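Below is one structure, written out as structure tokens; comments come after it.
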Amino acid sequence: MHKGIKGIIFDFDGVIVKSIQVKSEAFAELYAPYGVEIVKKVIEHHESNGGMSRFEKIINYHQTFLNIELAETELSVLADQFSDLVVDGVTTAPYMPGALEYIQNNYGKYKLFISTGTPTNEIKKILEKRSIIEYFDGVFGSPQKKVYHIEQILSKSGFEFDEVIFFGDSDTDLNAAKLMGVEFILVSNDYNAHLFRKYKGRIINDFTELL
């Protein structure tokens, strides 16, 4: 760990747990009534845009692929259906190699935080079911954006931007960290190869490299 670091922020899906595929399958089921081609487009976008909230994705998919403007009540119903499809799968998804050990090793040495596109109440439920919520000083999810998460973490902890690092796997994570001046470490997985072509910072394959 770099000298002077006091806080560590983690994205969740694809960083702490291998749960991106769980959500791909949920989106596939949600959009199955609209046909194979729509499902293909939805999955391609979802897997290339980790960190974006399901609300943004569902609105975007309906507008872009189906030419449908969703009312708030319709969006809420679809988001609830998605939640029902993913919670059990994400709760039981395997950890990224070394992730749990890294969290356990650094708990108590640093303040640990979650910043995810998953709704806050849902991610807290998942962390509780996985018995790891006690490791985190703050858990932040949608509907707030990741820039807001980082602002809140810095404000409430009193840390400076250069005293925090962010482990993420998506453009959303990278852009939020960059905007806030926080060091970003890219966690590679099967879905974010497009980031490797433009990111010049530090990249890890998994947390076993840091143990």
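With 10 angstrom as the radius, rank Leu174, Leu75, Leu211 by how many other C-beta atoms surround their C-beta, starting from the fewest.
Leu211, Leu75, Leu174
What FRET efficiency, computed as 1/(1 + (r/R0)^6) with R0 = 22 Å and r the Cβ-Cβ distance, is obtained for Asp190 and Thr92, rounded to the nearest 0.05?
Working from the Cβ atoms, E equals 0.70.
Of the GluC sites (Glu not before Pro) in region 122-182, which ones lie in a loop per DSSP and count no more than 13 other C-beta atoms within 10 Å?
Glu160
Based on C-alpha coordinates, I'd like the Rg and Dmax of the chain, in Å.
Just the Cα atoms of the chain yield Rg and Dmax of 16.9, 53 Å.
Extension gain Gln21-Glu160, at 0.36 nm per residue separation less the Cα-Cα distance, in nm?
Separation in residues times 0.36 nm, less the Cα-Cα distance, equals 46.5 nm.
Could you work out which residue, out of Gly117, Gly201, Gly141, moves most in a Gaussian network model of the chain, that is, has the largest mean-square fluctuation with Cα springs under 10 Å?
Per the Cα network of the chain with a 10 Å cutoff, Gly201 tops the list.
Using a Gaussian network for the chain with springs between C-alpha atoms less than 10 Å apart, which of these wobbles most: Met180, Met52, Met96?
Among Met180, Met52, Met96, the largest mean-square fluctuation in the Gaussian network model of the chain belongs to Met180.
Rg (Å, one decimal) plus Dmax (Å, integer) for the alpha carbons of region 44-140?
Rg then Dmax for region 44-140, in Å: 15.9, 50.
Using the Cα centre as the reference, give the magnitude of the dipole from point charges on the C-beta atoms of the chain (Lys, Arg: +1; Asp, Glu: -1; all else neutral), rounded to the nearest 20 debye.
580 debye
With each run of n ≥ 4 DSSP H residues scored as -39500 (n - 2.57), what mean residue ellipticity at 222 nm is computed for the chain after dividing by its residue count and rounding to the nearest 500 deg cm²/dmol?
Computed ellipticity for the chain at 222 nm equals -15000 deg cm²/dmol.
Pick out, from Val139, Ser76, Leu210, the residue whose Cα sits farthest towards the positive end of the charge dipole of the chain, with +1 on the Cβ of Lys and Arg and -1 on the Cβ of Asp and Glu.
Result: Leu210, furthest along the dipole toward the positive end.
So which residue, out of Val164, Val36, Val139, gets the largest mean-square fluctuation from a GNM of the chain using Cα contacts under 10 Å as springs?
Of the options given, Val36 has the highest mean-square fluctuation.
Tally Lys and Arg at +1 and Asp and Glu at -1 over the other residues with C-beta under 14 Å from the C-beta of Asp80: what net charge comes out?
That works out to -3.
Place a +1 charge on the Cβ of each Lys and Arg in region 20-92 and a -1 charge on the Cβ of each Asp and Glu, then give the dipole magnitude about the Cα centre in debye, rounded to the nearest 20.
It works out to roughly 200 debye.
Evaluate E = 1/(1 + (r/R0)^6) for Glu209 and Asp84, where r is the Cβ-Cβ distance and R0 equals 41 Å; express this FRET efficiency to the nearest 0.05.
FRET efficiency, Glu209 to Asp84: 0.70.
How many nm separate the modelled label positions at Asn175 and Asn67, each set 7 Å beyond the Cα in the direction of the Cβ?
So the label points at Asn175 and Asn67 sit 2.7 nm apart.
What full-extension length gain, to one decimal in nm, is calculated for Val77 and Lys129 as 0.36 nm per residue of separation minus the Cα-Cα distance?
Extending this stretch completely gives an extra 16.3 nm.
Values in this text are rule-based calculations from the coordinates and carry no lab data. This structure is a prediction, so every number in the text was calculated from the model and none was measured. Note that each Cβ is placed from the backbone with ideal geometry, even for glycine, and that neighbours are counted across all protein chains shown.
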